[in-house]
Amino acid sequence: MLTLHFANRQETLIDLLTVALQAAGGDPFTPGQAIVPSAAQRKAITLALARRFGVCANLQFAFLSPWLWLQGTRVLAALQPAGAQLQRPADSQQAPWQPVLLAWRVLAALNDTAWVAQQPRLARYLAQADAVTRLDLAQRVAGLVDQHSTYRPDWLDAWAQGRSALPAGAAGRDDEAWQAALWRRLQAEIHADATQPQPAATAAHQLATALQALPAGPADGAALQAAGLPPAAHVFCLPSIAPVHLALLQQLARWVDLHVYALNPCAEYWFDVVDPRRLARLAAAGRAQHLDVGNHLLAAWGQQTQAQLAALVDACGDGVVDDDHYTHHPGHSLLATLQNAILTLQDLAPASLPLNAADRSIELHVCHSLTRELEVLQNTLLARFTEPDPPAPGDILVVVPDLETAAPLIDSVFGTAPAALALPFTITGRAQSQLNPAARALLDALGLAASRGTASAVVGLLQQPAVAARFGLDDEGLARVHGWLLDAGVHWAFDAPQRASLGLGADGRHSWADGLDRLFLGHALPTDAAPFDGRLPAGEAE
């Protein structure tokens, strides 16, 4: 059975989860199942359970997509009629459709001049593209294929059959032609290596269809238990669930007691609430029946949550919707008043909130750069910690729109603070290639080899712990190397031929070759030596 739990506070949902896990009982050797959206959410649940029970144990965390695939295949293995063909690819055959691997197949297609020549629009774009541009395009296309396989399987089916998925005259028809041809090429390549004839990119849709075809009667509990299907699972606070994954949840709820916990900022029925501008357009078209504005902020900023919650309610069907856990904020601050207005679907009248200089519950800071934003954030947090009732560091969450861009700046601002002003922090959600020191050093070295060879890029590579340890460079040694490079006048380019290959002349001055020559002369000659072969010694490396 599928049960939805709605609340307007995450703390309430965590309390509901802990109560459900405590009441589950059952086999102590069968771990509970919790599906979470991120590692940060997993840690928050772990700490909450540890605070309540003294320890967090016998709980298995997973992410939604792989968990659905694992449990769905277990149901099919246990309940599919004998002799029936399981029309799904093996786990190992899904891997080629992952974007990180698919990008290389796409790149091979982009480098196939004969195939590209048959796609005029793509050929015009690639005519002036270098290797880096082709790789970037391949990675973006691989990501789009992954999105299509999740949200647009009908497009892929149409392309596989040689039909267009877009109506005549629709925007994007020119690009659809080469995308459809690429899809057919990728499908043929991967299926040539696969033992199953079904298209693996729509494996989730095939799995949902296969589960739907199973009898709706009571399942064989012993067979499911032997297959490893858990009796219950808890899906916690996922910000979005793809339609195909929601369909799989709906099918699995026939055999698993599924609990879905979702944040709902409004206790009222707000699925017909729209933005005032959109309401005006719909009214002009005669399609504004049963629609209202409600709360302006909720209507303007809550569209994704609105669609997600509506889809969950529709998927619940005969299940249970538990929505008795809404909590009014007891305070009277700006934030509390705004949250309560959204909770009751009321719009605040203009100038209805008295401003209090001591009320800092909502603040807006206008900064000239991301670095300055982080500096202001640091000062704000330090001030907050000096107040009479400071929060714990674990109670603070900072979100940014582009984590990969902000992460180095976060390290430079928060990681270099004096001991008296240091704040404990952790950056979560970054790519593994950035978290693994060896992988990061390798990728940076490969990127350096294909770059203009700037002095700052080389020094940045040397400063990475793995590289510095390999060459025995401590902080003093790194500072000395940096001083040598400044003294030798190294700016960019490895040598004169590389600079000439960029169409910028064959002058080798201030390149790495020129600077290293000057450093070697500085080691071999006295500091007051005359120029040798037109070069002055530099660095005093002796």
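The values are calculated or read from the model by the stated rules, or taken from the named source; none is laboratory data. None of the values given here were measured: they were computed from a predicted structure. Methodologically, a virtual Cβ is constructed for each residue, glycine included, from the backbone with ideal geometry; neighbour enumeration extends over all protein chains shown. Just so you know, the surface numbers come from the protein's heavy atoms only, side chains and all, with ligands and any DNA or RNA stripped out. Shrake-Rupley method; radii C 1.70, N 1.55, O 1.52, S 1.80 Å.
Label segment 267-421 by shape, choosing from rounded, prolate and oblate, from the square roots a ≥ b ≥ c of the eigenvalues of the Cα gyration tensor; if a/c is under 1.5 it is rounded, and otherwise prolate applies when a/b is larger than b/c, oblate when it is not. Could the numbers behind the result be given before it?
Values: a/c = 1.94, a/b = 1.84, b/c = 1.05.
Prolate.
If the segment from GLN147 to ALA439 were pulled out straight at 0.36 nm per residue, it would be longer than the present Cα-Cα gap by 102.5 nm.
For segment 420-460, the Kirkwood estimate of the hydrodynamic radius, built from every pair of different alpha carbons, is 12.3 Å. Taking the charge dipole of the chain about its Cα centre, with +1 at Lys and Arg Cβ atoms and -1 at Asp and Glu Cβ atoms, the residue from ASN340, LEU519, ILE190 reaching farthest to the positive side is ILE190. Mean sequence separation of contacting Cα pairs (under 8 Å, at least six apart), scaled by the length of the chain, corresponds to a relative contact order of 16 percent. Over all Cα atoms in segment 464-528, the spread is summed up by Rg and Dmax: 14.1, 38 Å.
For segment 361-418, the spherically averaged projection of the C-alpha convex hull amounts to 4.8 nm².
Model label points for ALA419 and HIS332, set 7 angstrom from Cα along the Cα-to-Cβ axis, are 4.6 nm apart. Which of the listed residues, THR416, ILE362, ILE241, is farthest toward the dipole's positive end in the chain, when Lys, Arg count +1 and Asp, Glu count -1 at the beta-carbon? Sorting the options by dipole projection puts first ILE241. Helix 512-524 axis versus longest C-alpha principal axis of the chain: approximately 50°, rounded to the nearest ten. Rg and Dmax, both from the Cα atoms of segment 103-185 and both in Å, are 12.6, 34.
Computed from point charges on the beta carbon alone (+1 for Lys and Arg, -1 for Asp and Glu), the dipole magnitude for the chain about its Cα centre is near 1160 Debye.
Heavy atoms only, 1.4 Å probe, whole protein assembly: order TYR261, TYR326, TYR269, TYR125 by accessible area, highest first. Each step should come with its number before you reach the end.
Working: TYR261 5, TYR326 50, TYR269 150, TYR125 120 Å².
The most accessible residue leads, giving TYR269, TYR125, TYR326, TYR261.
How many percent of the accessible area of the chain is carbon or sulfur, using a 1.4 Å probe? Walk me through the intermediate numbers first.
Values: 17710 of 31260 Å².
Its accessible area is 57 percent carbon and sulfur atoms.
Its Cα gyration tensor gives the chain an equivalent ellipsoid; the semi-axes, largest first and in whole Å, are 49, 36, 27.
Between helix 403-414 and the chain, what is the angle of the helix's C-alpha long axis to the longest principal axis, kept within 0 to 90° and rounded to the nearest 10? In the chain, helix 403-414 runs at an angle near 60 degrees to the longest axis.
Per the helix-only calculation at 222 nm, which mean residue ellipticity applies to the chain, given -39500 (n - 2.57) for every DSSP H run of n ≥ 4 and division by its residues, nearest 500 deg cm²/dmol? Show your work: numbers first, answer last.
Working: 26 runs with 282 residues, N = 542.
-15500 deg cm²/dmol, from helical runs alone.
The equivalent ellipsoid of segment 373-502 has semi-axes of 35, 17, 14 Å, largest first, where each one is the square root of 5 times an eigenvalue of the Cα gyration tensor.
Between GLN463 and ALA213, how high is the FRET efficiency from 1/(1 + (r/R0)^6) when r is the Cβ-Cβ distance and R₀ = 60 Å? Nearest 0.05.
On the way: r = 58 Å, r/R0 = 0.97.
Computed FRET efficiency for GLN463 and ALA213: 0.55.
Gain on full extension, evaluated as 0.36 nm per residue between ARG509 and ASP533 minus their Cα-Cα distance, stands at 7.3 nm.
If you roll a 1.4 Å probe over the heavy atoms of the protein chains, what accessible area per residue do you get for the chain, in Å²? Don't jump to the answer; show the numbers that get you there.
On the way: 31260 Å² over 542 residues.
Counting only protein heavy atoms, the per-residue value for the chain is 58 Å².
DSSP bridge analysis restricted to the chain gives an antiparallel fraction near 5%, rounded to the nearest 5.
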